[in-house]
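The numbers here are math on the coordinates, done by the rules we state, and not lab data. Predicted model only: the values in this text are computed from it and were never measured. Every residue, glycine among them, receives a Cβ derived from its backbone with ideal geometry; neighbour counts consider all protein chains shown.
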Amino acid sequence: MSTPDKTPTTRTSAEEEELAAEALASSGNWHDGPPPGKAKAFWPSFKRMIGLLTAHRNWIGVILVATAASVALAVIAPKVLGRATNVVFEGVVSQALPAGSTKEQAIEALRAQGMDDFATMLSAMDIVPGTGIDFPRLAGILALVLGLYAGSAFLNWFQGHMLNRITARALYRLRRRVEQKIHRLPLSHFDRMRRGDVLSRLTNDVDNVNNTLQQALSTALTSVLTVVGVLAMMFSISWKLALVALITVPLSGVVFGFIGPRSQKAFTAQWARTGALNTRVEESFSGHALVRVYGRTDSVRRAFAEENEQLYRTALHAQFLSGIMMPIMLVIGNIVYVAIAVVGGAMVASGALLLGDVQAFIQYSQQFSQPLGQ
């Protein structure tokens with residue numbers, strides 16, 4: 001009886017190892033992505049990205065003007081709304097005073113009764129004893145506030161709508177340029193890159209450029225103008241309360257300094273894992289026949305599950321660091337809110353500020369902390 005020939009089995013194993021080596025060489029290490037870290041040449045890249053919008057420089061100018069006007073209206077509105085609060089408060093206080101008397105007589109009567117704090121607060125108000133709330137004046141102020149907020153909302157919508165159209169056109173041209181670049185690259189370039197990374201550059205990274213362009217021209221500009229405008233209004237009302245509100249700056253700096261670099265590294269790792277997963281999926285489909293022939297279906301499934309689990313954990317970590325920023329800023333904002341309310345209430349009682357000024361200042365403190373959180 002002849003001995004069975006085992007050459008085919010040996011040849012099959014050798015071919016399998018050769019195919020695996022070729023696949024690994026052409027795709028790179030599936031499990032390792034680019035090491036997370038800081039972006040290289042950030043400012044040159046940022047300038048080139050902004051340069052995508054140079055074809056629409058006229059509309060960009062219109063957007064900048066609309067953004068500045070929208071922020072100006074939104075910043076002025078709390079100050080005007082504070083006047084409405086003063087009208088209501090002064091009207092309520094005037095009803096408690098005897099009609100027919102003057103403001104000076106009412107103050108002297110209060111001091112004679114030992115109500116010095118109330119008399120001091122009353123001296124800072126513009127009231128006529130016994131008149132009550134001036135409803136026509138109140139209605140005019142509220143109509144003006146409504147107009148300011150409506151104008152700010154319309155301008156904000158307009159600049160956002162135009163910015164979306166401009167960035168969409170810019171990204172359309174960018175995709176065409178990327179496609180043309182892909183066709184010009186030599187084959188040796190693709191031999192050195194994983195195919196999943198190439199797909200990630202063409203899809204995820206282009207979408208990230210789109211989001212960054214919108215944030216750079218809309219959110220960032222609005223935040224800077226809001227901080228400057230609100231800071232000016234706060235110091236015009238009370239420099240003491242302004243210093244209290246500025247507590248958020250060093251606290252925010254500590255939060256950003258601790259979480260910011262970690263968040264950047266986490267998102268870099270997330271996109272690296274996304275490219276690795278894209279590579280795994282693309283090569284599993286393109287080599288589906290070989291996987292079935294050599295019985296590697298289970299191992300491919302396990303490898304995909306591992307890649308998917310790594311991406312899940314990396315994305316969860318990145319989103320956690322990114323999502324924790326706003327709650328922390330809200331806590332800091334609430335602390336400052338309480339401090340402003342306490343100090344502002346004491347200043348109203350002493351006659352140094354009006355109640356409407358404190359109300360406007362509280363709104364300004366919220367507007368001031370919101371851009372820092374963004």
- Query: Size of the dipole of segment 83-215 about the Cα centre, Lys and Arg at +1 and Asp and Glu at -1 on the beta carbon, nothing else charged, in debye to 20?
  - Reply: 1780 debye
- Can you tell me the 0 to 90 degree angle between the C-alpha axis of helix 325-349 and the longest principal axis of the chain, rounded to 10? 10 degrees
- Message: For the chain, what is the number of Lys pairs with C-alpha distance below 18 angstrom, counting only pairs 8 or more positions apart or on separate chains?
- Response: 4
- Query: Farthest toward the dipole's positive end in segment 154-205, which of Gln159, Gln180, Val198, given Cβ charges of +1 (Lys, Arg) and -1 (Asp, Glu) about the Cα centre?
  - Reply: Gln180
- Measuring from its Cα centre, the chain shows a charge dipole (+1 at each Lys and Arg Cβ, -1 at each Asp and Glu Cβ) which, in debye to the nearest 20, is 1300 debye
- Considering the dipole of segment 238-329 built from charges on the beta carbon (Lys and Arg +1, Asp and Glu -1) around the Cα centre, which of Ser299, Trp271, Ile259 is farthest to its positive end? Ile259
- Message: Can you compute the charge dipole magnitude of segment 257-305 about its Cα centre, using +1 on each Lys and Arg Cβ and -1 on each Asp and Glu Cβ, nothing else charged? Give it in debye, rounded to the nearest 20.
- Response: 160 debye
- Query: Of [x] 71; [y] 65; [z] 74, which one was derived for percent of Cα pairs over 25 Å apart from the structure shown?
  - Reply: [x]
